[in-house]
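Worksheet for the structure shown next.
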Amino acid sequence: MDNLIKQIDHSRLPAHVAIIMDGNGRWAKARSLQRSAGHVKGVETVRKITEIASEIGIGYLTLYAFSTENWNRPRQEVDTLMHLIATAIERETPDLIKNNVRLTMIGDTSRMPAEVVSRLQKCIDDTASGTGLTLCLALSYSSRWEITRAARRLAAAAAAGEIDPADIDDNAVAANLTTAEMPDPDILIRTGGDMRVSNFLLWQIAYAELFVTPTFWPDFSKEDFCRIILDFQSRERRFGLTSEQINETI
């Protein structure tokens, strides 16, 4: 583990890593356990990955914890997930504070139980002074919801005469997204092997480097995370330019 960390070039770290944490249910099924056991095990992985991201010096870590589509799952599983998320964050808050981690949250929280939102908001308030890693939980989140919300906000501002529709550009849209205070992800990781982005940060990942691993989220390790960072640092990011143009700017 230490050897992997030493190989990382800390001058070229990704500013923001986003993760689709998939495979909790399949991990449990493979072990003849209830799906809830997979979610409980997945919480342990959240702790580990938050720890290593903080240790390495990553600025932002966004975890897709619950999508708007997840509301369609069986009621018992949804209720278990909501309780588990709130309880886990409350339990981890003292360590987040100790490690200078700031917690934040994005998503349509109006659909979440008020008691869960209140508990999570207290954790957010308690960690607000953190100046290290920002840990962002995407809860009741979907990118289509977020982009629709941004469009409505811009339309309302235009209708009120506060902005000229002709002035709406990429920056204006980005400023009205829930991630307005964060840089776009440099890396998108999906565990569990599925080759899709599942309505997650569609606008923001336009130029993110993609990493899909067959490893289920409960088995995803600090070593796995470090290897992805190393792979990222070996890639040439062109942002629509040619290799020659990139080399000319170096």
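Considering the stretch 24-40, the residues that are basic (Lys, Arg) and without any contact (Cβ under 8 Å) to a residue 24 or more places away in the chain include one that is farthest from residue 81 (Cα to Cα), namely 31.
Scan the stretch 22-52 for residues that are open to solvent by 80 Å² or more (accessible area, probe 1.4 Å) and either of a type in the set (A, V, I, L, M, F, W, C) or at pLDDT below 95 (or both) and the total you get is 3.
Tallying residues that are open to solvent by 80 Å² or more (accessible area, probe 1.4 Å) and not in a loop (DSSP other than H, G, I, E, B) within the stretch 220-244 yields 3.
Identify the single condition in (1) in a helix (DSSP H, G or I); (2) closer than 30 Å to residue 144 by Cβ; (3) of a type in the set (Asp, Glu) that residue 51 does not satisfy, given that it satisfies every other one. The one condition residue 51 does not meet is (2). With the requirement that a residue be more than 30 Å from residue 55 (Cβ to Cβ), in contact (Cβ under 8 Å) with a residue 40 or more places away in the chain and assigned to a loop (DSSP other than H, G, I, E, B), what does the stretch 121-172 give you? Result: 142, single match. So is residue 13 out of contact with any Lys or Arg (no Cβ under 6 Å at 6 or more places or on another chain), modelled with pLDDT of 95 or more and in a loop (DSSP other than H, G, I, E, B) or not? Yes, satisfied. Taking the criterion of being within 17 Å of residue 176 (Cα to Cα) and crowded, with 19+ Cβ neighbours inside 10 Å, the only residue of the stretch 107-135 that qualifies is 107.
Within the stretch 182-195, residues that are closer than 12 Å to residue 59 by Cβ reach partners that are open to solvent by 30 Å² or more (accessible area, probe 1.4 Å) and part of a loop (DSSP other than H, G, I, E, B) with beta carbons closer than 7 Å, at six or more positions or on different chains, in the pairs 183/15; 186/15.
In this structure, residue 202 qualifies as touching a Ser or Thr at 6+ places or on another chain (Cβ under 6 Å), touching a residue at least 12 places away in the same chain (Cβ under 8 Å), open to solvent by 50 Å² or more (accessible area, probe 1.4 Å) and closer than 22 Å to residue 15 by Cα.
Please verify whether residue 20 is under 22 Å from residue 106 (Cβ atoms) and either touching a residue at least 40 places away in the same chain (Cβ under 8 Å) or hydroxyl-bearing (Ser, Thr, Tyr) (or both), treating the condition exactly as stated. So residue 20 fits the description; yes. Of the residues making up the stretch 190-219, those that are assigned to a loop (DSSP other than H, G, I, E, B), over 23 Å from residue 39 (Cβ atoms) and under 14 Å from the mean Cα position of the chain (by Cα) are 202, 203, 204, 205, 208.
Out of 18, 86, 28, report the one residue that is within 15 Å of the chain's Cα centre (by Cα) and either of a type in the set (A, V, I, L, M) or not in a helix (DSSP H, G or I) (or both).
18
When residue 5 is tested against the conditions (1) outside any loop (DSSP other than H, G, I, E, B); (2) aliphatic (A, V, I, L, M); (3) open to solvent by less than 10 Å² (accessible area, probe 1.4 Å), the lone failure is (3). Would you check if there is a residue in the stretch 56-67 being under 21 Å from residue 186 (Cβ atoms) and assigned to a helix (DSSP H, G or I)? Checked the stretch 56-67: at least one residue is under 21 Å from residue 186 (Cβ atoms) and assigned to a helix (DSSP H, G or I). Entry remark, the stretch 53-87: residues being within 30 Å of residue 2 (Cα to Cα) and exposed (fewer than 15 other Cβ atoms within 10 Å of the Cβ) number 2 in total.
The values are calculated or read from the model by the stated rules, or taken from the named source; none is laboratory data. All figures in this text were calculated on a predicted structure; none of them were measured in a lab. Glycine also receives a Cβ, built like all others from the backbone with ideal geometry; neighbour counts cover every protein chain displayed. These accessible areas exclude ligands, DNA and RNA; they are computed on the full protein's heavy atoms, side chains included. Shrake-Rupley method; radii C 1.70, N 1.55, O 1.52, S 1.80 Å.
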